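What follows is one structure encoded as structure tokens, with my remarks underneath.
The values are calculated or read from the model by the stated rules, or taken from the named source; none is laboratory data. Just so it is clear, the structure is predicted and the values come from calculations on it, not from any experiment. Positions of Cβ are backbone-derived with ideal geometry, glycine not excepted, and every protein chain shown enters the neighbour counts. The protein model used for the area step is the full one, side chains on, heavy atoms only, and it has no ligands, DNA or RNA in it. Shrake-Rupley method; radii C 1.70, N 1.55, O 1.52, S 1.80 Å.
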Amino acid sequence: QKYGYYHCKDCNIRWESAYVWCVQGTNKVYFRQFCRTCQKPYNPYRVEDITCQRCKQTRCSCPVKMRHVDPKRPHRQDLCGRCKGKRLSCDSTFSFKYII
């Protein structure tokens, strides 16, 4: 699981997501995400590891982990290519909290 940056060229909307699913060891994206306005699917234009903002490590031992993701923010199942139309969402089946 990685962090991705998206841009819809039709609506000129940008968004970010901590639910980018890649082939292990690569940045090859498995599932697209949908633009919330025009519903067109997109791959991220940039992908990076989910890192701690304090030490810049993927897996760290910082007493207070400062991630550039908000674990309390709800996952938009309706815009996610992996869980759209399914009963369970990405955040309930497997999420970044299990790999950090």
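Residues in the range 13-39 that are open to solvent by less than 70 Å² (accessible area, probe 1.4 Å), within 12 Å of the chain's Cα centre (by Cα) and under 13 Å from residue 82 (Cβ atoms): 17, 18, 19, 20, 21, 22, 29, 33. Here residue 42 fits the description: at pLDDT 90 or above, hydroxyl-bearing (Ser, Thr, Tyr) and open to solvent by 30 Å² or more (accessible area, probe 1.4 Å). So, in the range 61-91, of the ones that are over 18 Å from residue 14 (Cα atoms) and either at pLDDT 75 or above or β-branched (Val, Ile, Thr) (or both), which residue ends up least open to solvent (accessible area, probe 1.4 Å)? So the residue we want is 83.
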